[in-house]
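The values are calculated or read from the model by the stated rules, or taken from the named source; none is laboratory data. Given the structure is predicted, the values throughout are model-derived calculations rather than measurements. Here the Cβ positions follow ideal geometry from the backbone for every residue, glycine too, while neighbour counts run over all protein chains shown.
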């Protein structure tokens, strides 16, 4: 029933570990996103995929690698976790409009990552 | 300076009051979005608009493209409206990229 789902909801791990967050949408959207919300609650785009093709890749350390096996899934893998990676990570999806803009975005519940 | 500025940062209102949250942006956009983030953390898209005005229930969003300004109004506010309201814009020519304001924390009391 859930439109955009993320797993896990909470992730607590040690510095230096590698972890993945999974995202799935059942809305038939062609575009998916990863956002990071820092401790001050500021949201920032990290990546976006359209039909499995990377279309937005913001200034993010290359320890972060997104992977889109199909249009309905966008996973985020993080290598060598650092303290500063602690944040809430949101996945979202939307239709991409003909002129290139985005339609309404639907957000997942978020994954709270804590690096100790 | 952030490309998207919101005011006020924090707002406390009594139940029933009319509330206005403002958003100004300094860049060309293709659309503006208003989002609501509940205390539990979930984010919901309220409106997407590129001109004029939209209404949904007690919520009204307006945009003035010439003045690069948008407002979100809540009529007959209720404690369940307590949340963080976030303005975001799709920059012109940037595919699907959203740039966010810092949010307005609204607390509605009885």
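Summary table below
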item: Within the range B:1-89, strands (runs of 3 or more DSSP E) holding 3 or more residues that are touching a strand residue (DSSP E or B) at 6+ places or on another chain (Cβ under 6 Å); result: B:4-7, B:10-14, B:19-25, B:29-37, B:43-49, B:59-64, B:69-74
item: Tally of residues being surrounded by fewer than 13 Cβ atoms within 10 Å (Cβ to Cβ) and either more than 21 Å from residue A:53 (Cβ to Cβ) or modelled with pLDDT of 95 or more (or both) across the range A:28-38; result: 1
item: Odd one out for residue B:46 among (1) within 13 Å of chain A (Cβ to nearest Cβ); (2) at pLDDT 95 or above; (3) surrounded by fewer than 16 Cβ atoms within 10 Å (Cβ to Cβ); result: (3)
item: Near pairs, Cβ below 8 angstrom, 6+ apart or cross-chain, from the range B:81-110 (without any contact (Cβ under 8 Å) to a residue 24 or more places away in the chain) to any residue that is part of a strand (DSSP E or B) and surrounded by fewer than 18 Cβ atoms within 10 Å (Cβ to Cβ); result: B:95/A:55; B:96/A:55
item: Test result for residue B:90, over 21 Å from residue A:40 (Cβ atoms) and modelled with pLDDT under 95; result: yes
item: Odd one out for residue A:22, checked against (1) surrounded by 15 or more Cβ atoms within 10 Å (Cβ to Cβ); (2) at pLDDT below 95; (3) in a strand (DSSP E or B); result: (2)
item: Test: residue in the range A:59-74 that is modelled with pLDDT under 95 and within 11 Å of chain B (Cβ to nearest Cβ); result: no
item: Unique residue being surrounded by fewer than 18 Cβ atoms within 10 Å (Cβ to Cβ) and within 30 Å of residue A:53 (Cβ to Cβ) when the list is B:27, B:89; result: B:27
